[in-house]
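**Q** Have a look at this one.
The values are calculated or read from the model by the stated rules, or taken from the named source; none is laboratory data. Note that the coordinates shown come from a computational prediction; the quantities given were computed from them, not determined experimentally. Reconstructed Cβ throughout: ideal geometry from the backbone, glycine too, with neighbour counts over all protein chains shown. Only protein heavy atoms, including side chains, enter the accessible area calculation; ligands, DNA and RNA are left aside. Shrake-Rupley method; radii C 1.70, N 1.55, O 1.52, S 1.80 Å.
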Amino acid sequence: MKLEAVSRILALALLMTATGLVRAETLTRGSNLSVDAADDGRMLIDLAGGLWLVPHGGGEAQQLARDANSVRRPRWSPDGTRIVYTASDGDAQRLWLHDVPSGDTRRIGANGGLDLHPEWHPGGERIVYAADRRNSGLDLWEIDLETGLQWRLSDHAGDETEPAWSADGRDLLYVHRDSDSWSLVLRPHGLPEERLVTSDTRIAGPSWRPDGSLVMYWQEDGDDLVLNMVILSTPRLVRRFADGEDFTAAPVSWLDRHRMFYVADGVIRQRLFNAWSSRTVPFRATMSAHAPAAVERVRRKLPRIDVPDGTFVVHASRLFDGVVGAYQADRDIVVEGGRIAAVEDHRERPGAIVIDMGDLVVMPGLADVRTRLPEGADETTGPLLLAAGVTTLVAEHEEAGHLNRVWSGKELPGPRLLRAADWAAGAVSELADSQTPGLAGVLDSRPARLIGFDDVIARRFGEPPVIEAGRTSVVLGSRGNGLPAGIGLHAELRALVAAGLRPEQALRAAGVNAAAALGVDPALGRVATGAVADLVFVDGDPLDRVDDALNVVAIVRNGRFFSIAGLIERAEAARNVE
């Protein structure tokens, strides 16, 4: 995982030469990789979100379905002519079917919900998979490809995932998780289900040996992942098969009853069933891009609307400047004409207007570069969004220009609103879903009650997302998580930390990283001379606990100071007048 992250970062840094030409990027390993082998030895891998074909024995990989991205778990059809996999489609994961001879790709399955872990029935006419159709957990479903008919195979409490048919198509294997208990379940043809293994640690990636004599599965053992097997004798026997490698928990792929493939240390491994070690199957995947000969980064200017006159000073006993991952103590922020004129050591300032909020943390206003406004958003929505600490939004609204002018003023202040059509920011996070730790606290917060959201947030991922180590350039966007602006941003902050970022890195995703994605760095996302005067006063320690970023007490927006109580009063008064 770490190795591919480094490869990707280095490749992106080298994309443009001094003349603007693009260099090819060659990968020889991948993070969270899976492999599936056809009967003739050709292997499918899901490298860097793409679908790749590796020849028998290894070598130069060929990219298939070039328009596909976020590909996961590709699986060969029994005759080796079609490939099923999951990939993103808007806000969720869907099933896709790729025809190898023609190169055609189409989406299959129902709309809505979440589709994961597709596997073929040995007859080649049906696909079994896990899906969440009711936001109540993942169940097993099957689809007939010719007719498109679908039916449910399981309906237990919790999640049923990672199904696999036996080679004769009679017995079904899957993983059941209910709370903190995992089970490997066998459903024999015409007989009651049997729990082969039950554990309080994760079980994943089951697969059948082609002769049906045993099943393999992955299990967490402390911080490690080990490969175990259940010998289907009477009685059943559970044995350790392999450990000591940095395994990926995708199902083992069997070429025959003796030869198997799996992924460890980011590369493909081949192993004989009776062998004590494995060997690497090398591959090279060359990815190239094309761009004009001369490409220059465009520095954009934020619109300055209704900028106030005058000067005041904010005394910050604890300042997070948006860049350094630690607080600065006793700093003065001089605000003049909607901009930060200076950041200095604290001192007495006779005759100056000084705002001192005690021990509150002062940090940059938060930006969400891809979001959706609450349903029915109007002029009075602005103060309520601002009360969540959000000072910049990129969203679509038929009156975006009008709202931006009103929200830049004094009477009904709100976030800076930039039209999505004009301010595209590229790839964004969109990681939050119903599994996000701390989501209940966001939905029960005062900003959420003020903004209003009474819908059910969907589950979008089978397992909680993980951000690769070393990846710190994440940009926060919340549109995909289904929550409205303000609420969605704080859900994303929690999701980013749960995925592996430190709190200050998550805050940068809504700060300097967002500014860079919009092309307005260093004007946004930091407390520094020349930056816009968008500040948030927070009660707590957001650099240790990102949840505290929701404890907003006051705001400086466009060079004007507002208490949260005052913002709420303005919104309520305006709505009562209407």
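**Q** Among the residues of the stretch 267-284, write down those that are in contact (Cβ under 8 Å) with a residue 12 or more places away in the chain, aromatic (Phe, Trp, Tyr) and closer than 22 Å to ILE231 by Cβ.
**A** Scanning the stretch 267-284 gives a single hit, PHE273.
**Q** Which numbered condition trips up ASP454, out of (1) assigned to a loop (DSSP other than H, G, I, E, B); (2) touching a residue at least 24 places away in the same chain (Cβ under 8 Å); (3) among the charged types (D, E, K, R)?
**A** Among (1) assigned to a loop (DSSP other than H, G, I, E, B); (2) touching a residue at least 24 places away in the same chain (Cβ under 8 Å); (3) among the charged types (D, E, K, R), the lone unmet condition for ASP454 is (2).
**Q** List the pairs whose first member sits in the stretch 182-198 and is closer than 15 Å to ASP159 by Cα, whose second member is open to solvent by less than 20 Å² (accessible area, probe 1.4 Å) and among the small types (Gly, Ala, Ser), and whose Cβ atoms are under 6 Å apart, counting only residues at least 6 apart or on separate chains?
**A** TRP182/SER199; ARG195/SER183; THR198/SER183
**Q** Next question. When residues of the stretch 471-494 are filtered for being part of a helix (DSSP H, G or I) and open to solvent by 10 Å² or more (accessible area, probe 1.4 Å), how many remain?
**A** Residues meeting the conditions: 2.
**Q** Give the residues of the stretch 148-158 that are in contact with a His (Cβ under 7 Å, 6 or more places away or on another chain) and either in a strand (DSSP E or B) or open to solvent by less than 40 Å² (accessible area, probe 1.4 Å) (or both), sorted by residue number.
**A** Of everything in the stretch 148-158, just one residue is in contact with a His (Cβ under 7 Å, 6 or more places away or on another chain) and either in a strand (DSSP E or B) or open to solvent by less than 40 Å² (accessible area, probe 1.4 Å) (or both), namely GLY158.
**Q** Out of all the residues in the stretch 415-433, which are touching a residue at least 60 places away in the same chain (Cβ under 8 Å), in a loop (DSSP other than H, G, I, E, B) and either hydroxyl-bearing (Ser, Thr, Tyr) or closer than 23 Å to LEU302 by Cα (or both)?
**A** The answer is PRO415, TRP423, ALA425, GLY426, VAL428, SER429.
**Q** How about the stretch 30-52: which of its residues are under 17 Å from THR280 (Cα atoms), surrounded by fewer than 19 Cβ atoms within 10 Å (Cβ to Cβ) and free of Cβ contacts under 8 Å to residues at least 60 places away in the same chain?
**A** ARG42
**Q** To continue, here is another question. How about the stretch 235-263: which of its residues are among the β-branched types (Val, Ile, Thr) and at pLDDT 95 or above?
**A** VAL238, VAL252, VAL263
**Q** Need the failing condition index for ASP178 against (1) surrounded by 13 or more Cβ atoms within 10 Å (Cβ to Cβ); (2) of a type in the set (D, E, K, R); (3) within 15 Å of ASP115 (Cα to Cα); (4) without any contact (Cβ under 8 Å) to a residue 40 or more places away in the chain, just the number.
**A** Condition not satisfied by ASP178: (3).
**Q** Open to solvent by less than 50 Å² (accessible area, probe 1.4 Å) and charged (D, E, K, R) - does that describe any residue in the stretch 76-87?
**A** no
**Q** Something else about it: If I filter the stretch 257-266 down to residues being open to solvent by 30 Å² or more (accessible area, probe 1.4 Å) and touching a residue at least 24 places away in the same chain (Cβ under 8 Å), which single residue comes out as nearest to LEU214 (Cα to Cα)?
**A** Going through the qualifying residues, I end up with ARG257.
**Q** Please give the number of the condition ALA506 fails out of (1) out of contact with any Gly (no Cβ under 7 Å at 6 or more places or on another chain); (2) among the small types (Gly, Ala, Ser); (3) crowded, with 24+ Cβ neighbours inside 10 Å; (4) assigned to a loop (DSSP other than H, G, I, E, B).
**A** (4)
**Q** Looking at the stretch 138-147 only, could you name the residues that are surrounded by 13 or more Cβ atoms within 10 Å (Cβ to Cβ) and without any contact (Cβ under 8 Å) to a residue 40 or more places away in the chain?
**A** Result: ASP139, LEU140, TRP141, GLU142, ASP144.
**Q** What number of residues within the stretch 434-451 satisfy the criterion of being open to solvent by less than 50 Å² (accessible area, probe 1.4 Å), out of contact with any Lys or Arg (no Cβ under 6 Å at 6 or more places or on another chain) and part of a loop (DSSP other than H, G, I, E, B)?
**A** Residues in the stretch 434-451 being open to solvent by less than 50 Å² (accessible area, probe 1.4 Å), out of contact with any Lys or Arg (no Cβ under 6 Å at 6 or more places or on another chain) and part of a loop (DSSP other than H, G, I, E, B): 1 in total.
**Q** Looking at the stretch 527-551, which of its residues are within 26 Å of LEU439 (Cα to Cα), out of contact with any Leu (no Cβ under 9 Å at 6 or more places or on another chain) and among the aliphatic types (A, V, I, L, M)?
**A** Correct list: LEU535 only.
Listed here are the residues, each with its yes/no results for (1) open to solvent by less than 20 Å² (accessible area, probe 1.4 Å); (2) over 27 Å from LEU450 (Cβ atoms).
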position	(1), (2)
ASP332	yes, yes
GLY351	no, yes
ILE355	no, no
VAL361	yes, no
ALA367	yes, no
GLY382	yes, no
VAL390	yes, no
